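Below you'll find the structure, written out as structure tokens, and then a few comments.
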Amino acid sequence: MSSLLLLNGSPRGERSNSMKMLSRVAEGWVQAGGAEPEVLHLTKKADSLRAIEAFGTADTVMLGMPLYTDSMPALVKTYIEALAPYVGRDDNPRIGFLVQSGFSEALHSRPLERYLTKLAARLGCEYAGTIVRGGGEALQAMPDEASKRLWERLRGLGESLAREGRFDVELLTQVAGLERLSPWGARWMSLASNLRLIDFYWNGQLKKNGAWDTRFAAPYV
Ligand SMILES: Cc1cc2nc3c(=O)[nH]c(=O)nc-3n(C[C@H](O)[C@H](O)[C@H](O)COP(=O)(O)O)c2cc1C
């Protein structure tokens with residue numbers, strides 16, 4: 001049985017949108033005959049150390065993350081840099097990625113997707129593809145039953161990874177959903193932004209996490 005190392009790069013850990021999506025990919029992988037994956041959360045120190053070691057023995061690695069400032073969370077970058085000793089090794093694992101973002105358009109994640117494609121080549125890993133999904137933050141607010149079609153497609157991607165060693169291209173397009181807002185959609189977003197409707201949700205998150213008073217902190221200035 002082929003082994004899968006499933007890495008969650010969200011600072012939110014187990015309750016993250018990334019993990020919700022990765023879990024469905026893992027279900028599809030197992031349904032298609034893959035071994036039960038080893039799941040590690042890079043936000044936990046012990047897991048991140050184990051993830052460096054486990055990279056050396058896995059058949060396939062799946063690294064999922066939220067889009068942070070058009071790129072990746074620092075803990076994912078730290079992990080990638082720790083893989084330097086594996087560069088160009090003969091028996092490196094196959095690698096696939098998942099990037100999901102707050103903005104609804106998939107195009108925000110495309111530059112990071114290009115970086116990850118290059119990363120696979122630089123490491124000397126066979127590239128299985130990158131799952132891109134916009135509007136990921138909605139998964140926090142919605143009940144799981146509301147996303148049944150997304151879960152089904154993610155399971156399908158897990159199955160194709162186990163059977164063919166890469167993600168099914170048609171399913172990747174379906175999961176990505178909206179690539180770019182229509183001109184009217186863009187105007188509506190701009191209006192929502194000007195009226196501070198978008199801030200309303202994120203301000204709530206700052207308060208919920210006790211970070212409201214320090215929201216303008218600039219510790220490196
Ligand atoms: C510090 C920070 C930076 C973010 N930057 C972006 C961004 O540049 N573009 C975007 O679409 N979403 C951005 N988001 C939203 C997250 O990508 C989104 O909420 C995601 O679903 C969080 O996933 P998680 O629960 O797995 O961490 C950002 C969120 C945070 C907290």
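Here are some notes:
- Kyte-Doolittle at least 0.0, axis length at least 15 Å by Cα - qualifying DSSP helices, the chain: 45-55
- Distance from the stretch 6-24 to the stretch 177-201 (C-alpha centre basis), Å: 26 Å
- Shown for the chain: lysine pairs separated by 8 or more places, or found on different chains, whose C-alpha atoms are under 17 Å apart, numbering 4.
- For M65, M19, M142, order by how many other beta-carbon atoms lie within 10 Å, fewest first: M142, M19, M65
- When the inverse distances between all different Cα atoms of the stretch 143-221 are averaged and flipped, the Kirkwood radius reads 16.5 angstrom.
- For the chain, pairs of C-alpha atoms spaced more than 31 angstrom apart make up 21 percent of the total.
- Relative contact order computed over the chain (Cα-Cα under 8 Å; 6+ residues apart), in percent: 21 percent
- Annotation for the stretch 44-144: GluC sites (Glu not before Pro) lying in DSSP loop with at most 15 further Cβ atoms inside 10 Å of their Cβ are E126.
- Among beta bridges from DSSP that stay inside the stretch 1-103, the antiparallel ones total about 5%.
- Pairwise FRET efficiency - Y115 versus N203, Cβ, R0 = 35 Å, nearest 0.05: 0.70
- Restricting the stretch 116-190 to trypsin sites (Lys or Arg not before Pro) that sit in a DSSP loop and have at most 15 other Cβ atoms within 10 Å of their own Cβ leaves R180.
- Pairs of alpha carbons in the stretch 17-142 whose separation is greater than 20 Å (percent): 44 percent
Read-outs throughout are calculated quantities, based only on the coordinates presented, and are distinct from any laboratory measurement. All of these numbers come straight from a predicted model, not from anything done at the bench. Every residue, glycine as well, gets a Cβ built from its backbone with ideal geometry; the counts of neighbours run over all protein chains shown.
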